[in-house]
Amino acid sequence: RSIMASQVVKVINAEGIHMRPAGLIAKAVKAHPESEVIMKANGKDIKAKAVMQIMAAGIKNGTDVEIVVNGGDEQAVLGELVKMFEEGFGE
């Protein structure tokens, strides 16, 4: 059993991770309370369920973000978040 899953994704949104994507990330993560999700970007560790932390990180277009999922169904949660990034959060 792996202790965590991680993958690096690139932000493709022209506006970067602003309020709407941040909200979608937090909502997706909160739907999996058994998993702890950290996003690593700009040298910061960001709690992915904290919208204000995500916003404060100032994640711009083209930024590499490492998504790290601990506990719960890591692969499924990671896959869901990676897909959101790859689809540009539907923007």
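Every number here is computed from the coordinates shown, using simple stated rules; none is lab data. These numbers come from a predicted model, not from an experiment. Here Cβ is always computed from backbone atoms with ideal geometry, including for glycine, and neighbour counts include all displayed protein chains.
Assorted remarks:
- Working note: Cα atoms of the chain, range along each principal axis, descending, whole Å: 37, 26, 21.
- Computed P(r) (all Cα pairs; segment 1-51; 10 Å bins; percent): 22, 55, 21, 2
- Converting phi to 3J(HN,Hα) with the Karplus coefficients 6.51, -1.76 and 1.60 and the offset θ = phi - 60°, segment 4-17 yields 6, 10, 8, 7, 9, 10, 9, 6, 9, 5, 4, 8, x, 8 Hz in sequence order, with x at every glycine or proline.
- Highest mobility in the GNM of the chain, judged by mean-square fluctuation with C-alpha springs under 10 Å and restricted to G43, G62, G79, is found for G43.
- Rounded to 10°, Cα long-axis angle of helix 19-30 versus longest principal axis of the chain: 0 degrees
- Hz values of 3J(HN,Hα) by residue in segment 31-48 - Karplus curve (6.51, -1.76, 1.60), Gly and Pro given as x: 6, 10, x, 7, 10, 9, 10, 10, 10, 10, 7, 6, x, 10, 9, 10, 6, 6
- Helical mean residue ellipticity (222 nm; -39500 (n - 2.57) per DSSP H run of 4+; nearest 500) of the chain: -10000 deg cm²/dmol
- Neighbour net charge for D64 - beta-carbon separation under 15 angstrom, K R +1, D E -1: +1
- Phi to ³J(HN,Hα) by Karplus 6.51 cos²θ - 1.76 cosθ + 1.60 over segment 58-74, Hz, x for Gly, Pro: x, 7, 8, 3, x, 6, 7, 10, 8, 9, 10, 10, 10, x, x, 8, 3
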